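The values are calculated or read from the model by the stated rules, or taken from the named source; none is laboratory data. Keep in mind that what you see is a predicted model, and the values were worked out from it rather than measured. Neighbour counts run over all protein chains shown; Cβ positions are idealised from the backbone, glycine included. We work out accessible area using only protein heavy atoms, side chains counted, and drop any ligands, DNA or RNA first. Shrake-Rupley method; radii C 1.70, N 1.55, O 1.52, S 1.80 Å.
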Amino acid sequence: MIVDTAVVIVFSVFILLVGISFSRTGRNLKSFFAGGESVPWFIGGLSLFMSFFSAGTFVAWGAIAYKYGWVSVTIQWTMCIGALVTGLYLAPKWKATGNLTAAEFIKARLGSKVQKSFIYIFTIVSVFIKGSVLYSVSKLVSASLGYPIIPVTVVLGILMISYTAVGGLWAVMVTDILQFVVLTAAVIIILPLVFKEAGGVQHFVDNVPKDFFHLVNGEYTWWFIIAFAIYHIFYIGGNWTFVQRYTSVNAPKSASKVAYLFAGLYILSPIIWMLPPMVYRSINPGLTGLDTENAYIMVCKQVLPVGLLGLMLTGMYFSTSASANTALNVVSAVFTNDIYKGSINPGASDKKLMFVARTSSWFFGIFMILIALGVPYIGGVVEFTISLGAITGGPLLLPPIWALFSKRLTGKATINITVVSLLVNLLFKMVIPYINHYKLSRGNEMLLGVLLPLVLLIVHEFIISKRNGISQDYLGYQRYKADKKETVLQISEEEQQAIKAQNVFGLKMIAFSLMFIGVLLLILALITSKSSGLVTVIAIAIMLGAVIPWRAAKK
């Protein structure tokens with residue numbers, strides 16, 4: 001326990017220092033929030049993967065894997081489908097708009113009233129979702145190290161906020177890459193150990209329920225999987241935090257590559273990540289209720305060598321916090337760029353805007369901590385995450401995506417469709433069950449959430465607005481694009497050099513950080529007597545991998 005705690009402290013301090021090192025690279029909003037719009041696509045893709053790869057993997061999906069088995073993998077494969085569709089159609093479309101944020105596009109295409117309405121709703125929903133993320137990682141740390149969950153939640157929340165407020169997008173992305181490496185290394189170590197603990201593959205298969213390897217199971221039916229796949233097209237293709245990954249690269253083709261890399265990683269990774277809690281079912285079948293949310297950390301505690309639990313735990317924390325960091329970064333970007341600069345103080349200097357950006361990160365982050373403290377009282381993270389996604393995903397994300405392609409959609413119709421869809425979803429989730437005790441199944445809840453706004457948009461596009469033709473909002477957007485194209489300024493030589501220096505610095509920091517992780521693993525290999533050979537091999541592989549970003553920086 002002492003060694004694990006020491007590893008947690010050392011690795012956490014190192015990550016925070018990495019964030020602080022980027023504090024001087026945030027010259028203006030574009031560099032702070034979008035990496036100068038020249039982030040390498042493979043960095044953006046890995047960062048997108050790790051931003052998505054958060055609380056759900058360890059707590060929510062881990063609990064489903066322990067209880068129902070393979071269906072947890074099936075659920076996550078829907079994310080791969082969503083990313084493929086995004087790469088084909090949506091990511092390049094977002095980049096081609098030329099906007100820094102999704103909110104900026106909404107204002108240009110659908111009007112400032114629609115933008116402000118979406119900003120308020122999106123901000124509230126994002127903070128609620130990331131509150132559940134913070135709760136999940138706090139539960140992991142609390143369960144593994146034995147500390148009370150409330151002070152753990154507050155401390156970890158403050159660390160998340162400070163990291164994002166200081167470093168900006170590049171700091172978040174570098175952390176994403178490090179956690180991808182750490183957690184991949186940890187799971188490679190865990191898998192052989194957990195199968196050994198279970199008595200082998202055959203013993204595992206013989207000691208789990210007969211339906212454990214079915215593609216669908218329990219309340220997670222084929223209808224749920226279909227609806228979840230549609231939802232993830234909206235979510236991966238339209239969530240403002242992910243849109244930022246598509247707009248921060250240099251071209252539409254690079255934006256597609258970001259989504260394709262994400263899709264490729266989500267083909268294999270769900271299998272690797274869900275096996276430990278699945279196998280743990282055969283070792284300890286007695287977990288019930290909210291205790292199933294601890295399945296992942298319990299298996300780690302049981303099989304990992306000394307010190308590696310601390311590294312795994314820190315990796316879980318920072319990968320989970322990456323999702324919250326990304327959300328805070330985007331919510332802060334939207335507030336600073338689209339509310340403060342757009343409406344309150346259009347003539348604000350870069351220095352003033354950077355101050356507002358960092359201050360707003362703290363404000364939204366503290367609200368996120370308060371939400372995290374309340375998650376246990378509303379049914380746990382699985383119920384909270386899936387239901388919130390079903391209620392808000394389609395109404396908030398689909399209309400802006402539709403606006404990328406439609407010439408008929410108006411701002412007024414967007415607001416009406418969003419509000420009606422949200423109200424109907426809330427009615428079936430929160431009102432009807434208390435009136436007549438009728439509750440939608442998990443699959444029907446998700447289907448209602450994604451199909452209702454889709455049907456309303458189709459009706460508006462092909463029936464209501466067919467007679468009117470092209471909307472005035474679309475014509476205004478075309479004029480906006482033409483004016484923007486005429487008035488676009490060439491990037492100065494000084495700014496080009498600053499962007500290049502920022503990217504080179506980011507790649508060098510990734511290389512240095514990978515080398516640090518490799519050295520840390522080598523030290524742990526000397527301390528532990530369990531799987532020291534495997535740990536040494538992985539450490540050397542990571543150190544050799546540090547050459548890749550270093551060479552990229554030199555180019």
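Things to note:
- Shown here for the stretch 183-273: trypsin sites (Lys or Arg not before Pro) in loop regions (DSSP other than H, G, I, E, B) with at most 13 other Cβ atoms within 10 Å, namely Lys210.
- Excluding ligands, DNA and RNA, the accessible surface per residue across the chain is 40 Å² with a 1.4 Å probe.
- Computed over the alpha-carbon pairs of the stretch 327-484, the distance histogram in 10 Å steps reads 9, 25, 30, 25, 10, 1 percent, short to long.
- Sites Leu475 and Ile344 - FRET efficiency at Förster radius 25 Å, r taken between beta-carbons, to 0.05: 0.30
- Solvent-free Debye scattering, log10 I(q)/I(0), computed from the Cα coordinates of the chain at q = 0.05, 0.08 Å⁻¹: -0.20, -0.51
- Note: relative contact order over the chain, using C-alpha pairs below 8 Å and six or more positions apart, is 28 percent.
- Label-to-label distance, nm, for residues given as Gln302 and Arg467 (7 Å Cα→Cβ offset): 6.7
- Cα centre as origin, Lys/Arg/Asp/Glu Cβ charges: the chain dipole, Debye: 1360
- The stretch 148-294 - Debye-derived log10 I(q)/I(0), Cα point model, q = 0.12, 0.14 Å⁻¹: -0.81, -1.07
- Pairwise FRET efficiency - Ala501 versus Leu544, Cβ, R0 = 22 Å, nearest 0.05: 0.25
- Label-point gap, in nm, between Asn436 and Thr288 - each point 7 angstrom along Cα→Cβ: 3.3
- Selection from Val194, Ser117, Ile149, by position along the positive dipole direction of the chain (Cβ): Ser117
- With the simple spin-label model, which puts each label point 7 Å out from Cα in the Cβ direction, the Leu215 to Tyr377 separation comes to 4.3 nm.
- Extension gain, Thr536 back to Ala251 (0.36 nm per residue minus Cα-Cα distance, nm): 98.6 nm
- Full extension of the chain between Ile9 and Val419 yields a length gain of 143.0 nm, computed as 0.36 nm times the residue separation minus the alpha carbon distance.
- Cα-based radius of gyration for the stretch 231-291, normalised by 2.2 N^0.38 Å, reads 1.65.
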